[in-house]
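Working notes, beginning with the structure itself.
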Amino acid sequence: MSEHRILRPAWVDLGRVSLRYAVSGAPDPDTPPIVLLHEMAASMETWEPAIEILARDHHVIAYDWRGCGGSEKVVGSVSMDDHVEDLKALLDMLNLGRKPVIAGIAVGGAIASSFAAAYPDVIAGLIIICPAMGIAAESAPARLAYIKRLEEGGMRSVVDESLAGGYPEQFRVGREQKFAEFRARWISGDAASFAATFRMLMALDMPTVLARIACPTLAVAGEYDPNRTPEYVKGVAAMIPGAALKVVPGGHHMPHQIPSICAEFVSAFVASLNSRQKTETPTAQLGPTG
């Protein structure tokens, strides 16, 4: 990563949780703002390379969700409802002026989806990238063993096995410094919060949540993501009414690996919402044309 950083983090105590967030780009009354959620055991810096592109034309908000980055850590357990209400409180504080498009990676995608189902009148559109909607029952024993190693040895003890699949070798070659920073930031995460989030993920029941999503939705899969494969993401998209599916040449930590492609499909989705809104606006509301 270059010395120039587009993110200018701030912190806010929302009463229920203290969150680290950053606002980039200028508000545009004609375009929905974009709210970005990172993946598990990460921070908003995952999105930073894509934000550098998106902020040229969009009002972009990113934040570290509870337990991650510079936000308040988890004590004991955490629930999906906690994350949904944290996001609602942050949006209320920001008072963006219009409904945002919300995009989330992995567990961030599950949070964004749960928010869309809980608050359909507050969201303009949803993008879920390599979404992690739970853990299959057959994988539970391996995940519990992973959590045990994590709790006993900390983040460093599981970093290489965790990033082996999510950050494939082809995205490290020629970008060694960028990956080294990503890995170091990953290790600096909070092991107790990570373990609590894993337990939350194991308890999720997302199909009924996904079926309630009413906003335009784009599900994006990474061609080289073994964690949430294109076939898996296709299955998730099928549970969301009217959702579109897109497969791109990325891995699990997509905005950090292929930022220009991520920025492109996010921008295109926002543009499609603008076009749809113009098409659906009654002629009488458009004003005189002469």
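Comparing I147, I127, I34 in a Gaussian network model of the chain (Cα springs below 10 Å), the most mobile by mean-square fluctuation is I147. Among V159, F171, A192, which residue has its Cα positioned farthest towards the positive end of the charge dipole of the stretch 157-237, with +1 placed on the Cβ of Lys and Arg, -1 on the Cβ of Asp and Glu, and the dipole taken about the Cα centre? It is A192, whose Cα lies furthest towards the positive end. Only lysine pairs 8 or more places apart, or on different chains, with alpha-carbon atoms under 21 angstrom apart are counted in the chain, and they number 5.
Taking the Cα centre of the chain as reference, the dipole from Cβ charges on Lys and Arg (+1) and Asp and Glu (-1) amounts to some 140 debye.
By DSSP, the beta bridges lying fully in the chain are antiparallel in about 30 percent of cases. Taking the charge dipole of the stretch 5-150 about its Cα centre, with +1 at Lys and Arg Cβ atoms and -1 at Asp and Glu Cβ atoms, the residue from M40, L144, S79 reaching farthest to the positive side is L144. For the residues E169, E138, E39, a GNM of the chain with alpha-carbon springs under 10 Å puts the largest fluctuation on E138. If you take all other residues with their beta carbon under 9 Å from the beta carbon of L14, and give Lys and Arg +1 and Asp and Glu -1, the sum is -2. Once the Cβ-Cβ distance of A244 and E152 is raised to the sixth power relative to R0 = 45 Å, the FRET efficiency obtained is 0.60.
Values in this text are rule-based calculations from the coordinates and carry no lab data. Everything numeric here is computed off the predicted structure, so don't read it as measured data. For neighbour counting, all protein chains shown are included, and Cβ atoms are generated from backbone atoms with ideal geometry for every residue, glycine included.
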